[in-house]
Amino acid sequence: MAWPYFLDCHRYFTSEDEGCYDPLEKLRGGLEADEALPSGLPPTFIRFSHHSYAQMVRVLRRTASRCAHVARTYSIGRSFDGRELLVIEFSSRPGQHELMEPEVKLIGNIHGNEVAGREMLIYLAQYLCSEYLLGNPRIQRLLNTTRIHLLPSMNPDGYEVAAAEGAGYNGWTSGRQNAQNLDLNRNFPDLTSEYYRLAETRGARSDHIPIPQHYWWGKVAPETKAIMKWTQTIPFVLSASLHGGDLVVSYPFDFSKHPQEEKMFSPTPDEKMFKLLSRAYADVHPMMMDRSENRCGGNFLKRGSIINGADWYSFTGGMSDFNYLHTNCFEITVELGCVKFPPEEALYTLWQHNKESLLNFVETVHRGIKGVVMDKFGKPIKNARILVKGIRHDITTAPDGDYWRLLPPGTHIVIAQAPGYTRVIKKVILPARMKRAGRVDFILQPLGVGPRNSLHGLQRTGPHDPLGGASSLGEATEPDPLRARRQPSADGSKPWWWSYFTSLSTHRPRWLLKY
């Protein structure tokens, strides 16, 4: 029986002199203790080394303490072995969503033995804090206009297995899975297969697809469940998952539209935007832009070091596909290098290669349009749908009525609609050099009594959500206008189609009225 993690060893076990032993010491890691920097070093000093779980937690908490007015740490859950999945957040108002401030998340170490991303996010947290305090205008502007969430290690249990072997000795798969021997990037619901089915159905929504009930019959890792609940709690707009084993940026879909094809180009409706997001990372990465065919990932040179995931290799249950099909969030996958567990002396160079790419990628969350959807009294409308003509993928508004729609440059027809309101259509032109989201608000009028003003919507309900949310779609059921029109009028007046039939002939089809 495990000793409760919240009980103190020195109070409930013997003293240090008698040999105090805490069964969960490795999980706690002395989290309350502070790790003092070597004397003479400034507080902005970043130690470019590998961090154990306890060291990572201490660094993140110390960083949040130094920048308490713009940072905080919080947990989204625990791993299978009980380690906290600790997130550090940067925002002008930590802990709360601000109106029209986009939310970004960066996740590392989903595979326990791919450690470069873990270290990059630990360094990025320290860098953001230090540069903000030093008055760096770029970082101050970024943190004042964006809410950034960093999860350095999604798989801390797998990391401990890989770290036990050490850099240079770690095998290609040792520590890849979590403590349940599950590959976390294959453990998410397969919504892509459902998307391909819905895409063939005219009028069916192929976004915000609910999690199928049969998914919960299988083995769902606590780390996976924590991420899914996290994405339902916060209205994320943009995300990146940092991996290792190659040097390339891949984007959805990761599962081929023909399951038998291991490599097949399978784009999303937002193919242009995903390319733009991927290039935002790759185009400023010195090694990804290196034209040498002998470099790591040389086979991606002709593609500009970006690739559609299914065109690389197809797999189901990926986190990126889940984000896109279940939420409003656009996620890419970044492979940071061919060495999964790089030696300590290579970490500083890796940071220099990825620092600008990470910042540039986060800044792209401000591309496209943003705004608020409200009624004529100024009351925000949550879960309103934002449609873009020609892109069969809608996004929904947050509880405050605000939304963010990532869009490439060009001319777009944008539509806002919600159950019980008329739809509003606007034309939006986004210049190629525009790097700040355009403000496009919508004021929706309530529907009239007459059936002609009925909102054309698709009736759809989501199943019970084991994650604790309401509907998986997060929206109310929309009325069926055709069903409403078939109902006989209470006052005995003629139905809406009567004038059409009477105009065709002098013989009025009264026999139709009894139906």
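The values are calculated or read from the model by the stated rules, or taken from the named source; none is laboratory data. Not measured: the values here are computed from a predicted model. Please note: Cβ atoms are built from the backbone with ideal geometry, for glycine as well, and neighbour counts cover all protein chains shown. These area figures cover heavy atoms from the full protein model, side chains too; ligands, DNA and RNA do not enter into them. Shrake-Rupley method; radii C 1.70, N 1.55, O 1.52, S 1.80 Å.
For the structure I just gave you, tell me whether I209 is touching a strand residue (DSSP E or B) at 6+ places or on another chain (Cβ under 9 Å), open to solvent by less than 30 Å² (accessible area, probe 1.4 Å) and under 22 Å from R385 (Cα atoms).
Details: touching a strand residue (DSSP E or B) at 6+ places or on another chain (Cβ under 9 Å): no; open to solvent by less than 30 Å² (accessible area, probe 1.4 Å): yes; under 22 Å from R385 (Cα atoms): yes.
So I209 does not fit the description; no.
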Does R72 count as within 30 Å of T333 (Cβ to Cβ), modelled with pLDDT of 95 or more and open to solvent by 70 Å² or more (accessible area, probe 1.4 Å)?
yes
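Those residues that are assigned to a strand (DSSP E or B) and closer than 15 Å to K426 by Cβ, I need them from region 398-416; list them, please.
Going residue by residue through region 398-416, those that are assigned to a strand (DSSP E or B) are 402-405, 410-416.
Those that are assigned to a strand (DSSP E or B) and closer than 15 Å to K426 by Cβ: Y403, R405, G410, T411, H412, I413, V414, I415, A416.
I need a count of the residues in region 263-296 that are within 11 Å of V249 (Cβ to Cβ) and either assigned to a helix (DSSP H, G or I) or open to solvent by less than 20 Å² (accessible area, probe 1.4 Å) (or both). I'd like the intermediate steps shown before the answer.
As a first pass, look at region 263-296 and keep what is within 11 Å of V249 (Cβ to Cβ): 274-275, 277-283, 285, 288.
Of the ones still in play, those that are also either assigned to a helix (DSSP H, G or I) or open to solvent by less than 20 Å² (accessible area, probe 1.4 Å) (or both) are 274-275, 277-282, 285, 288.
Counting residues in region 263-296 that are within 11 Å of V249 (Cβ to Cβ) and either assigned to a helix (DSSP H, G or I) or open to solvent by less than 20 Å² (accessible area, probe 1.4 Å) (or both) gives 10.
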Looking at E131, E165, which is the one that is modelled with pLDDT under 95, over 30 Å from V372 (Cβ atoms) and acidic (D, E)?
E165
Contact list please: Cβ distance under 7 Å, first residue in region 414-436 and more than 15 Å from G390 (Cβ to Cβ), second residue open to solvent by 30 Å² or more (accessible area, probe 1.4 Å) and of a type in the set (G, A, S), pairs at least six apart or on different chains.
P419/A476
Pairing a residue in region 376-397 that is under 12 Å from P419 (Cβ atoms) and open to solvent by less than 80 Å² (accessible area, probe 1.4 Å) with any residue that is of a type in the set (G, A, S) and assigned to a strand (DSSP E or B), where Cβ atoms lie under 6 Å and the two sit 6 or more apart in sequence or on different chains, gives A384/A416
Is there a residue being under 22 Å from Q96 (Cα atoms) and assigned to a helix (DSSP H, G or I) anywhere in region 380-397?
no
Filter result (touching a residue at least 40 places away in the same chain (Cβ under 8 Å) and surrounded by fewer than 22 Cβ atoms within 10 Å (Cβ to Cβ)) within region 232-244:
Q232, I234
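Can you find a residue that is among the hydroxyl-bearing types (S, T, Y), in a loop (DSSP other than H, G, I, E, B) and closer than 22 Å to V334 by Cα anywhere in region 184-199? Working first, answer last.
Going through region 184-199, the residues among the hydroxyl-bearing types (S, T, Y) turn out to be 192-193, 195-196.
Okay, now just the ones that are also in a loop (DSSP other than H, G, I, E, B), so none.
No, region 184-199 contains no residue that is among the hydroxyl-bearing types (S, T, Y), in a loop (DSSP other than H, G, I, E, B) and closer than 22 Å to V334 by Cα.
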For the condition under 14 Å from V237 (Cβ atoms), at pLDDT 95 or above and open to solvent by less than 40 Å² (accessible area, probe 1.4 Å), what is the one hit in V414, V372, V365?
V365
Tabulated pairs, region 347-362, first over 18 Å from H50 (Cβ atoms), second of a type in the set (V, I, T), C-beta under 6 angstrom, 6+ apart or interchain
E356/V284; S357/V284; N360/V284; V362/V104
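Return yes or no: is G175 touching a helix residue (DSSP H, G or I) at 6+ places or on another chain (Cβ under 7 Å) and either touching a residue at least 12 places away in the same chain (Cβ under 8 Å) or open to solvent by less than 40 Å² (accessible area, probe 1.4 Å) (or both)? It would help to see each step written out before you state the result.
Numbers: touching a helix residue (DSSP H, G or I) at 6+ places or on another chain (Cβ under 7 Å): yes; either touching a residue at least 12 places away in the same chain (Cβ under 8 Å) or open to solvent by less than 40 Å² (accessible area, probe 1.4 Å) (or both): yes.
It is true that G175 is touching a helix residue (DSSP H, G or I) at 6+ places or on another chain (Cβ under 7 Å) and either touching a residue at least 12 places away in the same chain (Cβ under 8 Å) or open to solvent by less than 40 Å² (accessible area, probe 1.4 Å) (or both).
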Residue check for E344: touching a helix residue (DSSP H, G or I) at 6+ places or on another chain (Cβ under 8 Å) and acidic (D, E)
no
Considering only residues that are polar (S, T, N, Q) and open to solvent by less than 20 Å² (accessible area, probe 1.4 Å), look in region 297-320 and name the one that is nearest to R279 (Cα to Cα).
S305
Which of the following residues is touching a Pro at 6+ places or on another chain (Cβ under 6 Å), among the aliphatic types (A, V, I, L, M) and open to solvent by less than 10 Å² (accessible area, probe 1.4 Å): I148, I110, I122, I139?
I122
From (1) within 19 Å of T396 (Cα to Cα); (2) without any contact (Cβ under 8 Å) to a residue 12 or more places away in the chain, pick out the condition that doesn't hold for G203.
(2)
